[in-house]
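Engineer: Dropping a structure here in structure tokens format, bear with me for questions.
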Amino acid sequence: MTDKRTFDDRDGWIWLDGKLVPWREAEVHVLTHALHYASSVFEGQRAYGGKIFRLTDHSKRLHKSANILGFELPWSVAEIDAACEQVLEANGLVDAYMRPVAWRGSEQMGVTASAAPPHLAIAAWEWGKYFDPALAAKGLKLDIAHYRRPAPYTAPVHSKAAGLYMICTLARQQAELKGLDDALMFDWRGQVAEATGANAFFVRDGVIHTPTPDCFLDGITRRTVIELAQKRGVEVVERAIWPEELESFEQMFLTGSAAEVTFVGAAGPWNFEVGALSRQLAEDYDDLVNGRLPNR
Ligand code: PMP
């Protein structure tokens, strides 16, 4: 059951800078650098049946994201993996969403914070489906985002950095105001990029097409789903996709650690069906994360 309380008022334990602290005591000061200047990177991962799916890939990406933002985490990938397992266990969770987050704290204020040591926290909670299952079953309705994914020379696009989510939150908010579920974002060139928190895939004539992740996250779920499709002998083409082409695709789905495999029914003026290949891959992903298919 999903907890309806606010996120600062729950029971349980949060790992903070090396030790487990009571949930309500995992606090930061208002003069935290990250709050003012977005010096924060994070992960989103899920545990299924007590096992965190592709945990080391997530911990490695957290390290990489921090490095891209110019800071080095004082905990190794193995230590972060162990801390994640510890959080899951301390909270008695089996199926959960987990949020490791690293940031610059209140040791230094002003744009530069090079002297400030980074902090790390890991929280976990029960979180059902990211999108309403009834809406997802029919296929989500996506807005087309006003803002575009920035160019690699404009922002650190390969870091899962909190700052990059500013335009995602705005896009999602704009979509919800229109009664839509999420938004499809184009990139600075006008090519199709991704949704606000998930990668995008398209199906045409039994072939899968997905944008090359050169200015957005090459998601861990994205790579997993590509492998699952290839294992079924389905061709997957990674390439530039222009909006003009969206008309010709039959199916569309999103992938992400939170979103898993989610069907899309419409994106702006373009409509899609929830087809057999999308359903098959959603089922394969569900089997894989739940240990019913061999994990690599
Ligand atoms: N793009 C964005 C903007 C995201 O927030 C996410 C979720 N982390 C993804 C793509 C998918 O990444 P992953 O499959 O690694 O969760």
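Engineer: Criterion first (away from the ligand (no atom under 16 Å from the Cβ), in a loop (DSSP other than H, G, I, E, B) and not assigned by TED's automatic domain parsing to the domain that holds residue 265) does residue 121 satisfy it? Walk me through it before giving the result.
Structural biologist: On the way: away from the ligand (no atom under 16 Å from the Cβ): yes; in a loop (DSSP other than H, G, I, E, B): no; not assigned by TED's automatic domain parsing to the domain that holds residue 265: yes.
Answer is no for this residue.
Engineer: So residue 266 ticks every box in (1) in a strand (DSSP E or B); (2) within 23 Å of residue 160 (Cα to Cα) but one. Which box is left unticked?
Structural biologist: Here residue 266 clears every test but (2).
Engineer: Next up: Could you list all residues from region 107-150 that are within 22 Å of residue 35 (Cβ to Cβ), crowded, with 17+ Cβ neighbours inside 10 Å and of a type in the set (Gly, Ala, Ser)?
Structural biologist: Matches in region 107-150: 113, 116, 121, 123.
Engineer: What's the number of the condition residue 78 fails, among (1) farther than 20 Å from residue 110 by Cα; (2) within 15 Å of the ligand (Cβ to nearest atom); (3) more than 15 Å from the chain's Cα centre (by Cα)?
Structural biologist: (2)
Engineer: Residues in region 195-212 that are open to solvent by 20 Å² or more (accessible area, probe 1.4 Å) and either within 11 Å of the ligand (Cβ to nearest atom) or more than 21 Å from residue 167 (Cβ to Cβ) (or both): how many?
Structural biologist: Total meeting the criteria: 5.
Engineer: Let me ask something additional. Within region 44-102, how many residues are in contact with a Pro (Cβ under 7 Å, 6 or more places away or on another chain), β-branched (Val, Ile, Thr) and open to solvent by 30 Å² or more (accessible area, probe 1.4 Å)?
Structural biologist: Counting residues in region 44-102 that are in contact with a Pro (Cβ under 7 Å, 6 or more places away or on another chain), β-branched (Val, Ile, Thr) and open to solvent by 30 Å² or more (accessible area, probe 1.4 Å) gives 1.
Engineer: Give me a count of the residues in region 253-275 that are buried (at least 18 other Cβ atoms within 10 Å of the Cβ) and without any contact (Cβ under 8 Å) to a residue 60 or more places away in the chain.
Structural biologist: Residues flagged as buried (at least 18 other Cβ atoms within 10 Å of the Cβ) and without any contact (Cβ under 8 Å) to a residue 60 or more places away in the chain within region 253-275 amount to 4.
Engineer: Next question, about the same structure. Here are the criteria: (1) away from the ligand (no atom under 16 Å from the Cβ); (2) within 21 Å of the chain's Cα centre (by Cα); (3) under 23 Å from residue 48 (Cα atoms); (4) of a type outside the set (Asp, Glu). Tell me which single one residue 96 does not satisfy.
Structural biologist: For residue 96, the failing item is (1).
Residue-by-condition table, conditions (1) assigned to a strand (DSSP E or B); (2) farther than 30 Å from residue 152 by Cβ; (3) at pLDDT 95 or above:
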| residue | (1), (2), (3) |
| --- | --- |
| 31 | no, yes, yes |
| 36 | no, no, yes |
| 56 | no, no, yes |
| 62 | no, no, yes |
| 87 | no, yes, yes |
| 93 | no, yes, yes |
| 103 | yes, no, yes |
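Engineer: Now for a different question. Scan region 151-170 for residues that are open to solvent by 50 Å² or more (accessible area, probe 1.4 Å), away from the ligand (no atom under 12 Å from the Cβ) and more than 20 Å from residue 59 (Cβ to Cβ) and jot them down.
Structural biologist: In the first step, residues of region 151-170 are kept if they are open to solvent by 50 Å² or more (accessible area, probe 1.4 Å); the result is 152-154, 156, 158, 165-166, 169-170.
Pick out the ones that are also away from the ligand (no atom under 12 Å from the Cβ) and you get 152-154, 156, 170.
Selection gives 152, 153, 154, 170.
Engineer: Going residue by residue through region 139-149, is there one that turns out to be more than 14 Å from the ligand (Cβ to nearest atom), outside the structural domain of residue 95 (by TED's automatic domain parsing) and among the hydroxyl-bearing types (Ser, Thr, Tyr)?
Structural biologist: Within region 139-149, not a single residue is more than 14 Å from the ligand (Cβ to nearest atom), outside the structural domain of residue 95 (by TED's automatic domain parsing) and among the hydroxyl-bearing types (Ser, Thr, Tyr).
Engineer: Take residue 216 and decide whether it is open to solvent by less than 30 Å² (accessible area, probe 1.4 Å) and away from the ligand (no atom under 13 Å from the Cβ). Lay out the reasoning, then the answer.
Structural biologist: Numbers: open to solvent by less than 30 Å² (accessible area, probe 1.4 Å): yes; away from the ligand (no atom under 13 Å from the Cβ): no.
So residue 216 fails the test.
Engineer: Continuing with this model, one more query. Return the only residue of 52, 68 being farther than 23 Å from residue 129 by Cα, within 16 Å of the ligand (Cβ to nearest atom) and of a type in the set (Val, Ile, Thr).
Structural biologist: None of the others qualify; the one that does is 68.
Engineer: Can you go through 120, 142 and tell me which one is under 25 Å from residue 66 (Cα atoms), aliphatic (A, V, I, L, M) and touching a helix residue (DSSP H, G or I) at 6+ places or on another chain (Cβ under 8 Å)?
Structural biologist: Residue meeting the stated conditions: 120.
The values are calculated or read from the model by the stated rules, or taken from the named source; none is laboratory data. Everything numeric here is computed off the predicted structure, so don't read it as measured data. When we count neighbours, we look across all protein chains shown, and the Cβ atoms used for this are built from the backbone with ideal geometry, even at glycine. Accessible surface is based on the protein model in full, side chains and every heavy atom, while ligands, DNA and RNA are left aside. Shrake-Rupley method; radii C 1.70, N 1.55, O 1.52, S 1.80 Å.
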